[in-house]
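Here the structure is laid out as structure tokens; the discussion comes afterwards.
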Amino acid sequence: MSIAADLPAATRRSSDLSKHPAEVFAEAENHPVTVTRRDGEALVLMSQREAQGRARLLRFAAQLITVTLDDRGSLAERMSKAFPWMLALSPADRESCAQDLVDAARASFATDQPHLAIAELTSWKETATAIAAGLGHADLDWLDAPEAVERP
């Protein structure tokens, strides 16, 4: 059973929305709220961020399904076709990336938390972009001790 299934469902009556809109809207900013109606089907009120996260996760899931239906090549090779930015990564990093993306997608679906997969996807894509820009070979100077910085 997923964690999301264990959470209490946020349900409000349509009269709550008309009598206490600020309270219902504030609740919907944190998680989707089901608004029940006597004269029609229940509606779900959620933030645009939540709706966009779900839409991005579904697009990502569609890409992963396409990758899994193709049986030619390794997972990393198939994923590189769907996500061409992966070609900027080393072969070993492509393997790690492919597995990390699949694992994050599974975690997102199991917990109803779209941000897990989207954050992993964004992180790997930004890494590939930095490597393609030549930032992967820069010499770094690591600080041995933390330095205090004044507040701006």
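Scanning the range 95-107 turns up no residue that is modelled with pLDDT of 90 or more, open to solvent by less than 70 Å² (accessible area, probe 1.4 Å) and not in a helix (DSSP H, G or I).
Going residue by residue through the range 62-75, is there one that turns out to be in a helix (DSSP H, G or I), open to solvent by 50 Å² or more (accessible area, probe 1.4 Å) and in contact with a helix residue (DSSP H, G or I) (Cβ under 7 Å, 6 or more places away or on another chain)? Within the range 62-75 (the criterion being in a helix (DSSP H, G or I), open to solvent by 50 Å² or more (accessible area, probe 1.4 Å) and in contact with a helix residue (DSSP H, G or I) (Cβ under 7 Å, 6 or more places away or on another chain)), the answer is yes, since at least one residue qualifies. Here 125, 81 are screened, and the one residue that is more than 30 Å from residue 27 (Cβ to Cβ), open to solvent by 90 Å² or more (accessible area, probe 1.4 Å) and touching a residue at least 40 places away in the same chain (Cβ under 8 Å) is 125.
The values are calculated or read from the model by the stated rules, or taken from the named source; none is laboratory data. These numbers were taken from a predicted model, which means no experiment stands behind them. Every residue, glycine as well, gets a Cβ built from its backbone with ideal geometry; the counts of neighbours run over all protein chains shown. What goes into the accessible areas is simple: the full protein's heavy atoms, side chains included, and nothing from ligands, DNA or RNA. Shrake-Rupley method; radii C 1.70, N 1.55, O 1.52, S 1.80 Å.
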